[in-house]
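Undergrad: Have a look at this one before I ask anything.
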Amino acid sequence: MSDPKRLDPMLRMACAVTGADPEILKKCSQMDHRCIVSHALAMISTFTMAAVLWSFVLSEMLPLWGAIMGGLLAGLIIYLLDLSISTSGREMKRPGCGNGRTQ
């Protein structure tokens, strides 16, 4: 009953977090699966740390509920920035700098 090409729930959650296409990931190797999961864990930890730290900073100026909401909003903004940078698909290197091509 188990389909070898079916993704497990953790990998599907990692695809949702990172914006990866699950249909393409079904055809990839286990190394690519681990890469997507580790990228998702890094993004989740970035969101969590940003939300907690901004909540602590804002708790000095706002009531507790406002600090938590502000921290979650700041964590969401940082997560979305991280997601847009990591999925942009552009090379951030100068031409000919370490990628084997020269122009």
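The values are calculated or read from the model by the stated rules, or taken from the named source; none is laboratory data. From a predicted model like this one, the values you see are computed outputs, not experimental measurements. Virtual Cβ from ideal backbone geometry, glycine too; neighbours counted across all protein chains shown.
Undergrad: Any residue in region 62-83 that's in a loop (DSSP other than H, G, I, E, B): show its pairings with residues that are surrounded by 13 or more Cβ atoms within 10 Å (Cβ to Cβ) and not β-branched (V, I, T) at Cβ separation under 7 Å, as long as the two are six or more apart or on different chains.
TA: Going by the 7 Å Cβ cut-off, the qualifying pairs are L62/G70.
Undergrad: Right, next: Can you list residue pairs whose Cβ atoms sit under 7 Å apart, with the first residue in region 17-36 being in contact (Cβ under 8 Å) with a residue 24 or more places away in the chain and in a helix (DSSP H, G or I) and the second being surrounded by 14 or more Cβ atoms within 10 Å (Cβ to Cβ) and of a type in the set (G, A, S)? Count only pairs 6 or more apart in sequence or on different chains.
TA: Final answer for the pair search is V17/A40; T18/A40; I36/A14; I36/A20.
Undergrad: While we're looking at this one, here's another question. Could you list all residues from region 22-57 that are acidic (D, E) and either in contact with a strand residue (DSSP E or B) (Cβ under 7 Å, 6 or more places away or on another chain) or exposed (fewer than 11 other Cβ atoms within 10 Å of the Cβ) (or both)?
TA: As a first pass, look at region 22-57 and keep what is acidic (D, E): 23, 32.
Scanning region 22-57 gives a single hit, E23.
One line per residue, one yes/no per condition, for (1) within 22 Å of V17 (Cα to Cα); (2) among the aromatic types (F, W, Y); (3) modelled with pLDDT of 95 or more:
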position	(1), (2), (3)
M61	no, no, no
Y79	yes, yes, no
I85	yes, no, no
R90	yes, no, no
P95	no, no, no
R101	no, no, no
